[in-house]
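One structure is given here, and the rest of the page talks about it.
Bear in mind these aren't lab numbers, they're just calculated from the coordinates by the rules spelled out. Note that this is a predicted model, so its numbers are computed, not measured. Here the Cβ positions follow ideal geometry from the backbone for every residue, glycine too, while neighbour counts run over all protein chains shown.
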Amino acid sequence: MKPRLLTFFCELEAGPLRELFATPGVLEDLVALQAGVSLGLLDLGPERAEVVRRLNREGIPVTAWLLLPEDQGYWFHAGNVAQATARYDAFRAWTAEHGLAWDGVGLDIEPDIRELRRVLEGGWRRLPELLPRLGRGARVREARAAYTGLVGRIRADGYRVDTYQFPFIVDERQSRSTLLQRVSGVLDLPSDREVLMLYTSFARPHGAAMLWSYGPGAASFAVGITGGGVELPGLHPPKPLDWAELSRDLRLAVRWTHDLHVFSLEGCVRQGFLSRLRTFDWDAPVDPPAIPARRVDVLRRAVRGVLRVSARVLR
C-alpha cells in the first residue's frame, strides 16, 4: 500500500539546490507523488528562499530542517541549545522577510560534528576521552529542558515539530537510561513526529534486518542513503542504495508505517529513482528478513540490559 506521507530529505548548498529544482521533471515528479521535502537550511539566504517559494507555489509541502554552521556543531545536541535557539529566531525573521510557508520544522538530533570528526580521525585512541562524559547527567537534563522549551515555542508559532533520531534512542528510552545521551550528546526530545533514521546503506549486509527490528511501533522512519549528505573523515561513505535495495527498503517499511522519509532527494534524482517511483509497485512481494532481525533483537535486548543497569548507577 502506498504511504500516506512521503518526504524527501534535501541537504544541498544554495547553488546545487537551485540546479536540482531546475532539473526538468523534478517538481512534476514530486507533485505526482504527492510528496514533501524536508529542506536542510544550510543558510538563510535569498537563493534558498526562492526555492522554498517555488515549492510553495507548486503546493509541495516543505519542512524547515534546521541546521547550524559547522563551527556550532551543525546538528542539534546537548551542547548547543543557545545556538539552536538563535537559529530558530533567525529562521522566523527570514521566513517573515521572504513570505515563506512551512509544513513543519525539523530538529536533527545528532552528535556535534566537530567532536564526531575528532573521534573518527583518532579512532580507538579517542575512546578514553569519552569516559568523563558519563558524569554529564545534569547537562543532559538541563539541555533536554531547554530544548523542550524551544519545541514549545515552535508549536506555539503554529508549526508541527519533527525530530530526526538515531534508532538507538528507542532502546535508551525503553531502558529509562541516559548513558548514550551522555556520551554522544544526542537528546531524547518530545515532538509531534519522531523520524527514526534507519539507513541500511550504513549497515550492509544487516541493514534490512535492522529496519525490520526497529520497524514495529515506529510512527515514521527514513530509509536511505541514495547519495549525498555530509562527509566525515575516517568514515568511508557507503555505496549509495541501488534501485533494488531502495525498493526492498520501501516495501519493508510500509509494512510498519505509512509515513516515510527518503534520504536523499538529490540522490534519487541523480540515480533516476524519482521518476521511477511514480509507477512503483508498493505491494510487490518482498521477503521479510525475519530470522536476521531476530539476531538484531537479541543484540538490542543485551544492550537494553546494560542500559538498565546504567540507569540505576548513573545519576
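Summary table
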| read-out | value |
| --- | --- |
| Residues in the range 263-287 that a label on residue 1 would reach, taking backbone N under 15 Å of a point 7 Å out along Cα→Cβ | 282-284 |
| Rg(Cα) / (2.2 N^0.38 Å) computed for the range 38-151, rounded to two decimals | 1.26 |
| Loop trypsin sites (Lys or Arg not before Pro), the range 214-312, which have at most 14 other Cβ atoms in a 10 Å radius of their Cβ (DSSP) | 255 |
| Farthest positive-ward along the range 5-313 dipole, Cα basis, beta-carbon charges - from 282, 134, 243 | 134 |
| Gain on full stretching of the segment that runs from residue 192 to residue 286 - 0.36 nm per residue minus C-alpha separation | 30.8 nm |
| Karplus (6.51, -1.76, 1.60) ³J(HN,Hα), θ = phi - 60°, over the range 300-309, in Hz, Gly and Pro reported as x | 5, 5, 5, 4, 5, x, 5, 5, 5, 5 |
| Residue 262 long-range amide H proximity, modeled H, under 5 Å | 7, 8, 9, 223 |
| Amide hydrogen neighbours beyond the local backbone of residue 177, cut-off 5 Å, H modeled | none |
| Farthest toward positive dipole pole in the chain [+1 Lys/Arg, -1 Asp/Glu at C-beta], among 49, 67, 12 | 67 |
| Computed E for residue 96/residue 183 - FRET, C-beta separation, R0 30 angstrom, nearest 0.05 | 0.20 |
| Percent of Cα pairs exceeding the 27 Å cut-off, where the set is the chain | 44 |
| Rel. contact order, % - alpha carbon contacts under 8 angstrom, at least six apart, the range 5-313 | 19 |
| Under Karplus coefficients 6.51, -1.76 and 1.60, residue-wise ³J(HN,Hα) of the range 137-144 in Hz, glycine/proline x | x, 5, 4, 5, 5, 5, 5, 5 |
| GluC sites (Glu not before Pro) within the range 191-287, DSSP loop, no more than 15 other Cβ atoms inside 10 Å | 231 |
| Net length gained if the chain between residue 219 and residue 83 were fully extended (0.36 nm per residue, minus Cα distance) | 46.1 nm |
| Karplus 3J(HN,Hα) series, Hz, for the range 63-76 with 6.51 cos²θ - 1.76 cosθ + 1.60 (x for Gly, Pro) | 9, 7, 8, 6, 9, 10, x, 4, 6, 10, x, 6, 8, 8 |
| Dipole moment magnitude, nearest 20 debye, the chain about Cα centre, only Lys, Arg, Asp, Glu C-beta charged | 1480 |
